[in-house]
Amino acid sequence: MHPNPVFHDADTNRNLAFARERGFGVLAASVSGAPLLSHVPFLLGADGTTADLHLVRSNPIARALDAPLEVTLAVSGGDSYVSPDWYGLPDQVPTWNYVAVHLTGSLVLRPMAELRDLLDRQSAGYEARLLPKTPWTTAKMTPEVMDRLMRMIVPCRLHITTVDGTWKLGQNKPDAVRRAAADSMDSHGFGSDVGTLADWMRAPRPK
């Protein structure tokens, strides 16, 4: 997270809405040695206090879950390089704008009896975004194959205690300068989801 408080102007609801919409992040845990990282889809609970996910049974994080484990789920959004020339001001330096939300808390294993419901809820949530496509469901699977695949994964729940978001959108620049940079980014920027990031830069700052 960027330490400048000007980039932390999003409230908890906005941070959670962003994480919910993305539904994918990097799960980070520290057990011994280098941090353990896993890229996972997740479902954020209605009140934003939990996130449900599953891990492959052989995943090092899953293997470490003989007791609750303190973790952070990092959810990233648009990002792009920003050229100093785009500001139209002297003495500027290159930077990179981005949005990221960190969900921190305790990760626990859930009973295997909950796994099928978790998979059904995950697939239903993702498939709903593909309408008018007829949603895929686990009922389309051969029961024997489904059972075999389910034995390879474990259900987990993150109990979220801290939500922190960095929305680095040039808030430390005058509005007109920030919008000019956004226009140049929209035309020439490179990164991830650059157009959305530029739109966020143009939007009025939260009051």
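Here, each number is a calculation from the coordinates, and none is a lab measurement. As the structure is a computational prediction, the values presented were derived from the model and not from experiment. Here the Cβ positions follow ideal geometry from the backbone for every residue, glycine too, while neighbour counts run over all protein chains shown.
Taking log10 I(q)/I(0) by the Debye sum over Cα atoms at q = 0.11, 0.12, 0.14 Å⁻¹ as calculated from this structure, the corresponding entry among (1) -0.63, -0.73, -0.91; (2) -0.68, -0.82, -1.09; (3) -0.48, -0.58, -0.82 is (1).
Per the Debye calculation on region 104-183 with a single equal scatterer at every Cα and no solvent contribution, log₁₀ I(q)/I(0) for q = 0.25 Å⁻¹ amounts to -1.16. Each Cα pair under 8 Å and six or more residues apart adds its separation to the average, and for the chain the resulting relative contact order is 28 percent. Each of Asn172, Val82, Met112 was placed along the dipole of region 81-207 (beta-carbon charges, centred on the mean Cα), and the one lying farthest toward the positive end is Met112.
Think of each Lys and Arg Cβ as +1 and each Asp and Glu Cβ as -1; about the Cα centre, that makes the dipole of region 40-101 roughly 300 debye. Among the aspartates and glutamates, which have Cα under 16 Å from the Cα of Lys140 when same-chain residues fewer than 8 positions away are ignored? Correct list for Lys140: Asp117, Asp120, Glu127. First check a/c for region 1-60, with a ≥ b ≥ c the square roots of the eigenvalues of its C-alpha gyration tensor; if it is under 1.5, answer rounded, and if not, answer prolate when a/b is larger than b/c or oblate otherwise. Oblate is the answer for region 1-60, as a/c is 1.5 or above yet b/c matches or exceeds a/b. Computed per residue of the chain from DSSP H runs no shorter than four, each worth -39500 (n - 2.57), the mean residue ellipticity at 222 nm is -8500 deg cm²/dmol.
Once Rg and the Kirkwood radius are both taken over the C-alpha atoms of region 165-207, their ratio Rg/Rh works out to 0.94.
Whole-Hz Karplus values for region 37-53 come out as 10, 9, 8, 9, x, 8, 10, 7, x, 4, 9, x, 9, 9, 9, 9, 7 Hz, taken residue by residue from phi with 6.51 cos²θ - 1.76 cosθ + 1.60 and θ = phi - 60°; glycine and proline positions read x.
Magnitude of the charge dipole for the chain, about its Cα centre and with charges confined to Cβ atoms of Lys, Arg (+1) and Asp, Glu (-1), is about 320 debye. To the nearest ten degrees, helix 12-22 and the longest principal axis of the Cα atoms of the chain are 70 degrees apart. Listed from fewest to most Cβ neighbours within 10 Å, the set Phe190, Phe42, Phe24, Phe18 follows the order Phe190, Phe24, Phe18, Phe42.
Size descriptors for region 36-128, from the alpha-carbon set: Rg then Dmax equal 18.7, 62 Å.
How big is the gap, in Å, between the Cα center of region 21-81 and the Cα center of region 165-204? Cα centroid to Cα centroid, the span is 28 Å.
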